[in-house]
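**Q** What follows is a structure written as structure tokens; I'll ask about it next.
The values are calculated or read from the model by the stated rules, or taken from the named source; none is laboratory data. Bear in mind that the values here come from a model prediction, so they are computed numbers and not experimental data. Don't worry about glycine lacking a Cβ; one is built from the backbone with ideal geometry, like all the others, and counts go over all protein chains shown.
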């Protein structure tokens, strides 16, 4: 009989909630390790050391290692430091390593040290991420006591060079001898692509600047490093894993994605949500608590949201909420095109987010054009976001593409009915409501990417809301849907074992007996 010990997993990401968050990557990087730890695995996290994290008293950041040199290209060394904090999981601490670099002179500024808020954490040049990828590998040789990961789980393009650096520069590093590599694509549209003249910052040989290497349309991309040199690649929903094999969604890499699928190296694992973080029964950010068995508090949350935003307090008016980046990906071109006919309906439209200047300028006009029917707030406000999730009746996500989407999962948890386009993870998670198929359905879904399809689906949702007899059951079904990380974490463990098997590694501590 074979006994399988628990895994040592190093999850690497550019953002980790609650320390630093721009989008859904941070939610995954903060929640998946908790679910893996609950399964008994030894999980650690590494991310860049942003100034806003390093100096925050709440995180108790402490030095972890003496400074050490990191080669980032031929003849150039940077000085790295590693500090440490943690995130809590059921009373246990998950270590988080913070990797940064010391400036070469007193007047300099190290990589990532310019980040004073969530909106400023990402650099626009490749060198900080080249440094970060090399420094993570150098760090593993210096941890005391020694800790050798079985899995390096890299996330999105910022970490894409780690598998290729390990192979090219550290083939005999003892800390990596028995490690396998998993690379998760959270959004294929962001590939970390840079001009040819910046290739030298990688320190990699020109033999890798080819179509079979990291070259991409005359430039080079971090993303291909993770895709080509990892043992297993996954993305954040099963449907998106299929979509990125097509020209429409493949962003120029669809051929490579089809090859990975043919090699059984590509899969999709649906994201979950942190059900402790997002729980209307005990969420301190919403004014009244409620749950599926006692949903009365949701009506009070709605009334208080209407009052807070200066909208008429009326339970018979449906609030259509959005918490989103204002980009075309999120369907704001459809919303802008359909805004006037949408606002003619008996609704209140509530939007929180920031993004493209043109969309911000347009939606800024809605409250004055439709007084008492629209409230728009720009910026990052997690407290208000939760009040919108709790107080809205419908949650709009008419996305052009959506690898997974977390907004619809949070909305379901809070009994706010998603209205989504059938793409990516939205198609995997929201079931269209049809009164002829009761008791199925927990949202409203359209397929064609047109403003007319959006408008017709909204009208169908508003009819259901107005008639009312099915709405209460719809809300309860939504709140009972299970999108916790527990199920997805088990699938990640299975994927880790596939990667280890593909690497041809025998796990330390595994025994076979009959």
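**Q** For residue 65, all conditions in the list (1) in contact with a strand residue (DSSP E or B) (Cβ under 7 Å, 6 or more places away or on another chain); (2) crowded, with 22+ Cβ neighbours inside 10 Å hold save one; what is the number of the exception?
**A** Only one criterion in (1) in contact with a strand residue (DSSP E or B) (Cβ under 7 Å, 6 or more places away or on another chain); (2) crowded, with 22+ Cβ neighbours inside 10 Å is unmet by residue 65, namely (2).
**Q** Check 444, 401 and return the single one that is assigned to a loop (DSSP other than H, G, I, E, B), in contact with a helix residue (DSSP H, G or I) (Cβ under 8 Å, 6 or more places away or on another chain), crowded, with 17+ Cβ neighbours inside 10 Å and in the same structural domain as residue 333 (by TED's automatic domain parsing).
**A** On inspection, the qualifying residue turns out to be 401.
**Q** Moving on to the next point. Just the residues that are exposed (fewer than 14 other Cβ atoms within 10 Å of the Cβ) and part of a loop (DSSP other than H, G, I, E, B), please, taken from the stretch 286-296.
**A** Once the filter is applied, which keeps residues that are exposed (fewer than 14 other Cβ atoms within 10 Å of the Cβ) and part of a loop (DSSP other than H, G, I, E, B), the stretch 286-296 yields 293, 294.
**Q** Hey, could you check the stretch 465-485 for residues that are in a helix (DSSP H, G or I) and in contact with a helix residue (DSSP H, G or I) (Cβ under 6 Å, 6 or more places away or on another chain) and say which is surrounded by the most Cβ atoms within 10 Å (Cβ to Cβ)?
**A** Out of the qualifying residues, it is 478.
**Q** Here is a check on your reading of the model: is residue 227 under 26 Å from the mean Cα position of the chain (by Cα) and touching a residue at least 12 places away in the same chain (Cβ under 8 Å)?
**A** yes
**Q** When the residues of the stretch 315-338 are filtered to those that are in contact with a helix residue (DSSP H, G or I) (Cβ under 7 Å, 6 or more places away or on another chain) and more than 21 Å from residue 410 (Cα to Cα), which remaining residue is surrounded by the most Cβ atoms within 10 Å (Cβ to Cβ)?
**A** By that ranking, first place goes to 334.
**Q** From 57, 48, 33, which residue is under 24 Å from residue 110 (Cα atoms) and either buried (at least 24 other Cβ atoms within 10 Å of the Cβ) or in contact with a strand residue (DSSP E or B) (Cβ under 9 Å, 6 or more places away or on another chain) (or both)?
**A** Sole residue among the options that is under 24 Å from residue 110 (Cα atoms) and either buried (at least 24 other Cβ atoms within 10 Å of the Cβ) or in contact with a strand residue (DSSP E or B) (Cβ under 9 Å, 6 or more places away or on another chain) (or both): 48.
**Q** Residues that are within 30 Å of residue 206 (Cα to Cα) and within 17 Å of the chain's Cα centre (by Cα): which strands (runs of 3 or more DSSP E) entirely in the stretch 1-119 hold 2 or more of them?
**A** Output list reads 8-12, 42-48.
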